[in-house]
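Since every read-out is calculated from the coordinates, none of them should be taken as a lab result. None of these values were measured; they are calculated from a predicted model. Neighbour counts run over all protein chains shown; Cβ positions are idealised from the backbone, glycine included.
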Amino acid sequence: MSKLQEVKTSVETGKTKLIAGVVQEALDAGHAATEILQAMVDAMGVVGDSFSSGEIFVPEMLIAGKAMQKGVEVLKPALAGEGSASLGKCVIGTVAGDLHDIGKNLVALMIESAGFEMVDLGVDVPADKFIEAIKANPGVKVVACSALLSTTMPAMKETVAAIKGSGLTGFKVIVGGAPITPEFATEIGADAYGRDAGSAAVQAKQLL
Ligand code: B1M
């Protein structure tokens, strides 16, 4: 089995104790961090499909998520780059009702390595917490909202509306996550849409 396939299988099957070693072996074998990350993202796609078809349930999905998080930890130094934190602050969070944070954490990592100082509010973040964080952190230039569930898209809409209606200025709002489309981002009044972590970081810089 190739090292990349081993990474993918280890995430799919939730090998939380072994994954760090397997990812390190893939790096040592010369695979790029982005290639290894893609193998793990592909694995999560398989896990999601298995969940949809009723072959696995929430606990298995949770363990696969934990395996991916542990794998990403090993990749972080290679993915993060220099991260000089001179472009201002970015407030990031997964919107209310949504507990998914693997993608949000990758977006935070990439935006941070693009030069922003990160204020990570975590998951299940109500609109007023975003607003409090913007008020508490002078120099916020970007507010980034993630959503992974179609059922939390309305919470994203409410969050963007509340932030935009708060009277606070000096920052732009970027949104993303699996169910979010560029059209939805425009419809809810976001300033930008990020398809993935890399493009979110590019967008964050372009918004300045
Ligand atoms: Co959940 N889950 N989950 N889950 N889960 C999905 C999202 C799902 C597609 C699985 C499926 O059915 N096929 C489905 C959603 C269906 C839908 O709404 N259309 C689903 C469901 C239904 C649920 C529950 C409702 C299940 C239940 O309880 N019955 C439940 C909801 C809990 C809640 O949030 N209230 C639930 C729970 C969970 C776990 C807790 C078990 C676990 C999350 C663990 C964690 O995050 N710490 C989990 C997992 C692991 C998944 C899947 C399998 C993997 C998600 C993931 O981490 N992907 C997922 C299936 C899938 O994605 N194919 C699934 C890898 C990650 C790197 O990708 O998060 O998409 P992603 O992030 C990408 C982009 O989306 C983008 O960039 C990232 C990196 O490139 N991006 C942004 C994300 N945020 C961005 C922000 C930006 C820009 C880009 O700008 C700000």
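Key figures
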| quantity | calculated |
| --- | --- |
| Close pairs from the stretch 48-73: first in contact (Cβ under 8 Å) with a residue 40 or more places away in the chain, partner of a type in the set (S, T, Y), Cβ under 6 Å, at least 6 apart | K66/T16; A67/T16; K70/T16 |
| So D42, is it within 7 Å of the ligand (Cβ to nearest atom), under 16 Å from T13 (Cβ atoms), under 20 Å from the mean Cα position of the chain (by Cα) and among the acidic types (D, E) | no |
| Positions within the stretch 127-140 being part of a helix (DSSP H, G or I) and touching a Cys at 6+ places or on another chain (Cβ under 9 Å), in sequence order | F130 |
| Pair list, Cβ under 8 Å, 6 or more apart: the stretch 163-181 residue more than 11 Å from F130 (Cβ to Cβ), other residue acidic (D, E) | K172/D191; I174/D191; G176/D196 |
| Condition met for D42 (farther than 29 Å from A133 by Cβ and out of contact with any Leu (no Cβ under 8 Å at 6 or more places or on another chain)) | yes |
| Residue pairs meeting the criteria (Cβ under 6 Å; at least 6 apart or on separate chains; first closer than 13 Å to T169 by Cα, in the stretch 128-147; second among the charged types (D, E, K, R)) | N137/K89; G139/K89; V140/K89; V142/K172 |
| Failed item, numbered, when A133 is tested on (1) closer than 23 Å to S199 by Cβ; (2) crowded, with 19+ Cβ neighbours inside 10 Å; (3) hydrophobic (A, V, I, L, M, F, W, C) | (1) |
